[in-house]
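One structure below.
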Amino acid sequence: MLRALVARVALFARSITRHSSGPTLGAYRAEETTAGLGKTSDMVEERMGDCWSHTKDQFDNLEKHTQWGIEFVEKYTKFVKERSEIETNYAKQIRNLSKKYQPKKNSREEEESKFTFCQAFLTSLNELNDYAGQHEVIAENLTSQIITELSRYLQELKGERKSHFHDGRKAQQHIESSWKQLESCKRRFERDCKEADRAQQYFERMDADINVTKADVEKARQHAQSRHQMASDSKSDYSSYLQKFNQEQNEHYFTVIPNIFQKLQDMEEKRIDRIGVSMRTFADVDRQVLPIVGKCLDGMTKAAESIEPKTDSKQVVESYKSGFEPPGDVDFEDYGQAMTRTPSDTSLSNSREAKEKPAGKSKGKLWPFIKNKNKCGVLELISAAF
């Protein structure tokens, strides 16, 4: 359409020079209007539609991806926080367990503490308490080295992402605004060309009509000349703004947008690297306490190896030996002869008689495995054999 209008303007410019002695529309030189102007405009419009659509799609995709990346950082931070809470609760339970089984301050516990297996158990409890302390260290390091750092980085990441997409939208709005301005210039040029074409047709009819006065023809000519001047000005504006737009468009697609995309890529790579560092720290936090945990376990092993069964059994003997002297042999009693039995000094009856006789405050001798009213223990009776 623009090409047809330009051709008509050129034809009218040539015809109007026959009736004008002043400045003609030859300066307009519509025939020299870039023949490819309309074609170039159509190609630019088609290409711009594709580019804007693709760029908008890319911005939408990148916006979704980077938002997902932020959500992943939040999820990993929550994971580490829950692990830290588990370590804290575990350490607390281990400490409570160790405290629960610590020996009480009473005579019985103090008596038991002389046995090697009791001493080993007490040592194991103390080592277990230190072992719990290392899990508290894990929780503290997870909080300070990962959770706190990621929370601070997360705020920076959100701000940086917001800034980059703000710049991208601003650049996109600017190029779209420039495109609309270019379209406005093109429509004005098209409208002025149509007006010039109508003025040309009107002038040609007036010029061909013999009944029209010369004054009316001159008036039509001046009107047509004015319209052609307006078309010339619109063409100049359109051409100038088209050049400006093409320059801005090249800068937009070859400089501005690539720079923003590069910043988004750098931001994303930094986020991924930060996650990797946090994961390594997650493992290092455990690895750092392994030497001390190993010492705690070695202490438990050493305590177990210090148990001496024979020493403990001797402690039992020393504690419960009664000094009981075993009775002598029992004499044979012959029931085949009437006789008066003479009890042996070491016989059982002798022992019973001795038991029945008052012994003052002295403690009587006991037979093994025989319960008396004092309810002596088995170990005390067994120890009489030694």
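Things worth noting here:
- Selection from region 204-217 of residues that are of a type in the set (D, E, K, R), in a helix (DSSP H, G or I) and farther than 23 Å from CYS193 by Cβ: LYS214, ASP216
- For region 196-214, a residue qualifies if it is open to solvent by less than 70 Å² (accessible area, probe 1.4 Å) and out of contact with any Leu (no Cβ under 7 Å at 6 or more places or on another chain), and the qualifying residues are ALA196, ALA199, GLN200, GLN201, PHE203, MET206, ASP207, ASP209, VAL212.
- Close pairs from region 171-197: first under 16 Å from SER226 (Cα atoms), partner crowded, with 21+ Cβ neighbours inside 10 Å and β-branched (Val, Ile, Thr), Cβ under 7 Å, at least 6 apart: CYS193/VAL6; CYS193/VAL9; ALA196/VAL9; ASP197/VAL9
- Residue count for region 219-233, restricted to those that are charged (D, E, K, R) and closer than 21 Å to LYS186 by Cβ: 2.
- Residue that is surrounded by the most Cβ atoms within 10 Å (Cβ to Cβ), among those in region 215-244 that are closer than 17 Å to GLU183 by Cα and of a type outside the set (Ser, Thr, Tyr): ALA231
- Residue pairs whose Cβ atoms lie under 7 Å apart, sitting 6 or more positions apart in sequence or on different chains, and linking a residue in region 287-298 that is free of Cβ contacts under 8 Å to residues at least 24 places away in the same chain to a partner that is of a type outside the set (Lys, Arg) and open to solvent by 80 Å² or more (accessible area, probe 1.4 Å), do not occur here.
- Within this structure, THR40 fails the test of being assigned to a helix (DSSP H, G or I), under 25 Å from LYS263 (Cβ atoms) and either modelled with pLDDT of 85 or more or more than 41 Å from the chain's Cα centre (by Cα) (or both).
- Subset of region 99-133 [among the hydroxyl-bearing types (Ser, Thr, Tyr) and either more than 22 Å from GLU308 (Cβ to Cβ) or open to solvent by 50 Å² or more (accessible area, probe 1.4 Å) (or both)]: TYR101, SER107, SER113, THR123, TYR131
- Note on region 310-326: among residues that are charged (D, E, K, R) and in contact (Cβ under 8 Å) with a residue 24 or more places away in the chain, the one that is least open to solvent (accessible area, probe 1.4 Å) is ASP312.
- Here SER278 fulfils each of the conditions (1) in contact (Cβ under 8 Å) with a residue 60 or more places away in the chain; (2) among the hydroxyl-bearing types (Ser, Thr, Tyr); (3) open to solvent by 90 Å² or more (accessible area, probe 1.4 Å) apart from (3).
- Odd one out for MET267 among (1) without any contact (Cβ under 8 Å) to a residue 24 or more places away in the chain; (2) open to solvent by less than 50 Å² (accessible area, probe 1.4 Å): (1)
- Of the residues GLU136, GLU176, GLU160, GLU183, the single one that is over 24 Å from the mean Cα position of the chain (by Cα), acidic (Asp, Glu) and open to solvent by 60 Å² or more (accessible area, probe 1.4 Å) is GLU176.
- Scan region 236-268 for residues that are closer than 19 Å to ASP60 by Cα and either of a type outside the set (A, V, I, L, M, F, W, C) or touching a strand residue (DSSP E or B) at 6+ places or on another chain (Cβ under 8 Å) (or both) and the total you get is 9.
- Filtered by the rule that a residue be part of a helix (DSSP H, G or I), open to solvent by 50 Å² or more (accessible area, probe 1.4 Å) and either more than 30 Å from ASP130 (Cα to Cα) or of a type in the set (A, V, I, L, M, F, W, C) (or both), region 284-309 gives LEU290, ILE292, LEU297, ALA304.
The values are calculated or read from the model by the stated rules, or taken from the named source; none is laboratory data. Remember, it's a predicted structure, so these values are computed and weren't measured experimentally. No Cβ is skipped: glycine too gets one built from the backbone with ideal geometry, and neighbour counts run over all protein chains shown. Heavy atoms of the whole protein, side chains included, go into the accessibility calculation; ligands, DNA and RNA do not. Shrake-Rupley method; radii C 1.70, N 1.55, O 1.52, S 1.80 Å.
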